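The values are calculated or read from the model by the stated rules, or taken from the named source; none is laboratory data. Please read these numbers as outputs of a predicted model, since none were measured by experiment. Cβ placement follows ideal geometry from the backbone for every residue including glycine, while neighbour counts extend to all protein chains displayed. Protein only, heavy atoms only, side chains kept; ligands, DNA and RNA dropped before computing areas. Shrake-Rupley method; radii C 1.70, N 1.55, O 1.52, S 1.80 Å.
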Amino acid sequence: MFCCGFMWKSGGEDLQGFYPVRPECQPDVPRTRFKSRAGKTLSARRWHAAFTEDGHLDMEKVLRRIQRGGIHPSIKGAVWEFLLGCYDPDSTFEERNILRNRRREQYGAWKEECKKMVPVIGSGKYVTMAVVQENGNPIDESSVENQGWIVKNTVTDERVLQWMLSLHQIGLDVARTDRYLCFYENDRNQSKLWDVLAIYTWLNLDIGYVQGMNDICSPMIILFDDEADAFWCFERAMRRLRENFRATATSMGVQTQLGVLSQVIKTVDPRLHQHLEDLDGGEYLFAIRMLMVLFRREFSFLDALYLWELMWAMEYNPTMFATYEELENRNNAASDPKLLKRYGKFERKYINSGQNEQHRNTLAVFVVASVLQTKNKRLLKEAKGLDDVVQILGDIAGNLDAKKACKEALKIHEKFLKKANSNKQ
């Protein structure tokens, strides 16, 4: 991971040293704005102090710190496991160790199952060419020289065939993922990313693999030494995002969020909304990438991770773990003020407004709205077509402040709720 000499210094501490960039790629990478701030950023010392002797975590204190200044890179993986609902803050060290070991065994079993079908999995390599024809018949033997393995016998199981047909596309995307980072100069790290995505796809064929999942998964591979831990963190992140990736012949799941975004802008900035509609951009398709990969293209690697953890902390729901594990939720936040404090500030607003049981409008939608607001004047003045809109929004790469974007998103959310409620009256 520390294979390159080029590092960026921030706030006196070499934070970019945690994710070094290849020197030749530096000019093309958005500059990093995140700085670890004493007294604001969740440090390793503050993190360890938030646990009781047997391992119970003071999540309220942790959330407050994250929302003030993010998470220090040295502990991101460990904290993300709680933010994403991998573990219950009320569990003990021993209970989490048991669960972690059980999950590692489960992942190992799934990996073996996949490896029996496609031996490349777990080999330290990955494929970028088709391993089987679309009708299930084997491919010409000459392809073996290019990637080491192809299907030898006709595949008749439709589920297996659907999965195998996606493997080379995953490989093509893996080869392009975060290549500016020194971490991915190591082929084995790329193969780990491919393994996790391939196994996740096998287990979720109702969604399948969709480009963009690689951008969500890559940070997990970098943050966790153990591949199984990376898988489970990715799996939990996808619980929040998977519907965005669900596709039919005529639509993408992310269009639901685009519809919400359209309604938000129409409510809080009707002039801008009308201008975009006049440009035939009222469906907000230009915002698909921001929502699908959570602003990975608009921020540097470190800043994107900072934005993610800010959003996850603000959206945090303490019943997440029980929901994912299909356990009984014993607590009701609406009637328990102490539990309410353990929710993220964005989530609390829904509970306080009585909308706790309704479908959530994710914070990411309001972050996109805040980005559009920052470019309001340019969009109104300079955008004469959708190409102009895309270009203006493309200029934000490296020029956005994650914390400011989240603050503005919360303000827009507040304004949206007030206007929406007043329109109902």
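Brief remarks on what is shown
- For the range 174-299, averaging the sequence separation of C-alpha pairs within contact (under 8 Å, six or more residues apart) and dividing by the residue count gives a relative contact order of 19 percent.
- Note on the range 24-98: Rg/Rh from C-alpha atoms, Kirkwood Rh, equals 1.08.
- Charge dipole of the range 251-423 (Cα centre as origin; +1 on each Lys and Arg Cβ, -1 on each Asp and Glu Cβ, all else neutral): 720 debye, rounded to the nearest 20.
- Normalised per residue, the accessible area of the chain is 47 Å², obtained with a 1.4 Å probe and no contribution from ligands, DNA or RNA.
- The phi torsions of the range 67-78, fed into the Karplus equation with coefficients 6.51, -1.76 and 1.60 and a -60° offset, translate into couplings of 5, 8, x, x, 10, 5, x, 5, 10, 3, x, 4 Hz, rounded to whole numbers, with Gly and Pro shown as x.
- Considering the chain at the alpha-carbon level, its Rg and Dmax are found to be 22.4, 70 Å.
- Mean Cα-pair separation over length for the chain, i.e. relative contact order, pairs under 8 Å, 6 or more apart, %: 17 percent
- Percent of Cα-Cα distances greater than 21 Å, calculated over the range 251-423: 51 percent
- Per-residue HN-Hα couplings for the range 193-204 [Karplus 6.51, -1.76, 1.60; θ = phi - 60°; Hz; x = Gly/Pro]: 4, 5, 4, 5, 5, 5, 5, 4, 5, 4, 7, 9
- Close amide-amide hydrogen proximity is noted between residue 42 and 69, 70, 71, 72, each under 5 Å apart and 5 or more residues distant or on a separate chain (H modeled in the peptide plane; Pro and chain starts excluded).
- Within the chain, helix-based [θ] at 222 nm, where runs of 4 or more DSSP H residues each add -39,500 (n - 2.57), nearest 500: -16500 deg cm²/dmol
- Exposure of residue 200 as accessible area (Å², to 10), given a probe of 1.4 Å and all protein chains: 0 Å²
- The rule of thumb for compact globular proteins, 2.2 N^0.38 Å, goes into the C-alpha radius of gyration of the range 93-242 1.05 times.
- Taking 0.36 nm per residue of separation and subtracting the Cα-Cα distance, full extension of the segment from residue 98 to residue 152 would add 15.4 nm.
- Using θ = phi - 60° and Karplus 6.51 cos²θ - 1.76 cosθ + 1.60, couplings along the range 117-134 (whole Hz; Gly, Pro as x): 7, 9, x, 5, 4, x, 8, x, 10, 8, 9, 10, 10, 4, 9, 7, 6, 5
- Calculated on the Cα set of the range 197-293, radius of gyration then Dmax: 16.4, 51 Å.
- Nearby lysines by direct alpha-carbon distance to residue 61 (threshold 17 angstrom, same-chain neighbours under 8 apart not counted): 40, 76, 338, 341, 345
- Of all accessible heavy-atom area on the chain, the percent that carbon and sulfur account for (1.4 Å): 46 percent
- For residue 184, solvent-accessible area (1.4 Å; no DNA, RNA or ligand), Å²: 0 Å²
- Listed peptides 228-240, 291-303, 113-125 by packing density, highest first (mean Cβ within 10 Å): 291-303, 228-240, 113-125
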